[in-house]
Amino acid sequence: MRHLGSAVLAVGLLVGCGGTDVEPSLESVERAQSALTSTDVDVAPECQGLITFVNTGSYATLDAYLPSDVVTRLVNQRATAPFATLAQVSAVQGMGPARLEQLEGGARAQSYIHASCVGVMDELAISADDDAAIVALVNTVSDSELHDILPDAWNGASNLLGLRPFTSTQAISDAAGIGTVSLRNLRNAATLSRPLEALIAAVDAVPQYDFSKTLARHFDWWAIVVANPHYREGTPTCFGLEPTSTPYGATVRPNLADAAEVRAKVLDAVTFANRNNAIPSSVVSAGLANLDMLTAGRSFKGCYTSYQDDPWSGHQVAIFVDTVNGFSVMTDFYWSE
């Protein structure tokens, strides 16, 4: 059973917007990246106008798009506590998926949201940037990683692999076996590690010679650890893998990895690559902060392994995969004679 994880990082989020008259501002990428670094966020900044619409639209305006009894409940609720999330709006009696579509239509017609907000699907309001990132992930992710991202939707993962390439998140959402939890997992995997991915790209771009340390966020762990034969292989040390995923002859340690272990390996690679201070400190600090956010309190399965594809070079690899959401990262120390 191919179930461990995949690697490297990806984060980031979107740009804030919303309003009644003015096109949403793209003023602050930094604010956008910090605004959506939580797995709990269900409205992209570009779609925040949906929440503004339900909180500030007049009764008559809302009544033009929703049944009057639903509008009454929304208005009464916001008078007590303004809505902050799409989940809170959805929890109001009568606000099912069809009503959310009507609400979105009203917000768009009233210029609270614009083209940068693609819309609501499976109780997530996603931006155009989210849409592109989710599609790119699903179209390119390995079998191993996708099944780790969707640990409770293996049929859905298999369907996505069989139906790709996709051209929209809506088509992904419509695939059999993909529901609200699955789409959120895919959104998180595609968008929540952008600062970390920027750091990884910077690390991997530093010129290296006979020795190098690289990082990865999305990769096929199965091909690295299990499937591909190499010229020479060391004895892996693995933890938390299912028996059918554990490489033959591997040493199995009882304890999972924690955030500190993952950070230590990533920091080691960053420090080695940046020994000449080639990477801007802002990229390093943002990437490590993002890593800390994604790993805090989490547990990871994975392997430490080594292999050679020829007698003159080799790799020492560490792979970590979140046991619940499939977030993964790999470090690779490469040497050659």
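Just so it is clear, none of the values below were taken in a lab; they were calculated from the coordinates. The model shown is predicted, which means the values in this text are computed figures rather than measured ones. All Cβ positions, even for glycine, are placed from backbone atoms using ideal geometry, and neighbour counts span all protein chains on display.
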message = What is the angle, in °, between the Cα long axis of helix 194-205 and the longest principal axis of the Cα atoms in the chain? Nearest 10 is fine, range 0 to 90.
response = 30
inquiry  = Please compute the modelled spin-label separation between residue 205 and residue 59, points set 7 Å along Cα→Cβ, answer in nm with one decimal.
reply    = 5.6
message = Suppose only helical runs count, i.e. DSSP H with n ≥ 4. What mean residue ellipticity at 222 nm does that imply for the chain under -39500 (n - 2.57) per run, divided by all residues and rounded to the nearest 500 deg cm²/dmol?
response = -12500 deg cm²/dmol
task = Calculate, for residue 242 and residue 140, the FRET efficiency according to 1/(1 + (r/R0)^6) with r their C-beta to C-beta distance and R0 25 Å; round to the nearest 0.05.
result = 0.50
note = In the neighbourhood of residue 92 defined by beta carbon distances under 10 Å, the net charge of the other residues (Lys, Arg +1; Asp, Glu -1) is +3
note = For the range 194-336, inverting the pair-averaged 1/r of distinct alpha-carbon atoms gives a Kirkwood value in Å of 15.6
task = Any chance you could list P(r) for the range 105-184, counting all Cα-Cα pairs in 5 angstrom bins from zero, rounded to whole %?
result = 3, 16, 26, 24, 15, 8, 5, 3, 0
query = Given springs between every Cα pair under 10 Å in a Gaussian network model of the chain, which of 317, 70, 135 has the largest fluctuation?
reply = 70
Residue-span extension gain [residue 176 to residue 253] - 0.36 nm each, minus C-alpha spacing = 24.0 nm
ask   = Roughly how tilted is helix 180-191, in degrees to the nearest 10 and between 0 and 90, from the longest Cα axis of the chain?
value = 60
message = What is the angle, in °, between the Cα long axis of helix 128-140 and the longest principal axis of the Cα atoms in the chain? Nearest 10 is fine, range 0 to 90.
response = 40
inquiry  = How high is the relative contact order of the chain? Use alpha-carbon pairs under 8 Å, at least six apart in sequence, and give a whole percent.
reply    = 24
message = Quick check: pseudo-label points 7 Å beyond the Cα along Cα→Cβ at residue 81 and residue 155, how many nm apart are they?
response = 3.6
